[in-house]
Amino acid sequence: MKSELRATSTESINIIKKTFQKFRQKNGIDETYASSWENSYYQLANRLIYLDYLNHTLNTKTYLVLINFLDDPTNVRTSLQDYLSHYKKVFHEMGISHLKLLKYVILCYI
């Protein structure tokens, strides 16, 4: 799940950072979490902003489904408890544990 902002254009980087900052301000997320948005969980942050845009700007009821494969022998064997702990940690590190938008995020375990 870890990912970082990889844009190279200064203009693109500035637009992304400004968009992230506006979202955090709108949702009461302290700027001390900015680093994790840009350097650790960029893809999730990007998807949350798009999810917010679809649901609250375009008024299109939309969900983000994060599919997790339990004990997958072809990859890293991960238990349900490991996933639950992981998402709790990620949401805490991003400062989004309180985010009302999370009602549109479905964590699916197969």
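The values are calculated or read from the model by the stated rules, or taken from the named source; none is laboratory data. Please read these numbers as outputs of a predicted model, since none were measured by experiment. Backbone-built Cβ (ideal geometry, glycine too); neighbour counts: all protein chains shown. For accessibility, only protein heavy atoms count, side chains too; no ligands or nucleic acids. Shrake-Rupley method; radii C 1.70, N 1.55, O 1.52, S 1.80 Å.
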Could you check the spin-label model distance between N59 and T74? Points 7 Å from the Cα along Cα→Cβ, value in nm.
4.3 nm
Ratio Rg/Rh [Cα only; Rh per Kirkwood] for the chain
0.99
Out of segment 33-109, which chymotrypsin sites (Phe, Trp or Tyr not before Pro) are coil in DSSP terms and have no more than 15 other C-beta atoms within 10 Å?
Y63, F69
Determine the gain in length on full extension of the stretch I67-Q21; use 0.36 nm per residue of separation and subtract their C-alpha separation, reporting nm with one decimal.
13.8 nm
Quick calc, the chain, dipole around Cα centre from Cβ unit charges on Lys, Arg (+) and Asp, Glu (-), nearest 20 debye, gives 340 debye
Taking Cα atoms only, Rg over Rh for segment 24-74 with Rh from the Kirkwood formula is 1.09
For segment 46-89, count the residues as N, evaluate 2.2 N^0.38 Å, and divide the Cα radius of gyration by that value, please.
1.57
At 7 Å along Cα-to-Cβ for each site, give me the label-to-label distance between N14 and N39 in nm.
2.2 nm
Counting other C-beta atoms within 10 Å, and keeping those with at most 16, which DSSP coil trypsin sites (Lys or Arg not before Pro) do you find in segment 35-110?
K61, R77
Cα-Cα over 20 Å: which of K2/K100; K17/K100; K2/K88?
K2/K100; K17/K100
From highest to lowest solvent-accessible area (probe 1.4 Å; ligands, DNA and RNA excluded), V76, V105, V90 read V76, V105, V90
Find which of F91, A45, N55 sits farthest along the positive direction of the dipole of the chain, computed with +1 on the beta-carbon of Lys and Arg, -1 on that of Asp and Glu, about the Cα centre.
N55
Distance between modelled label sites at R47 and L84, nm, 7 Å Cα→Cβ extension:
2.1 nm
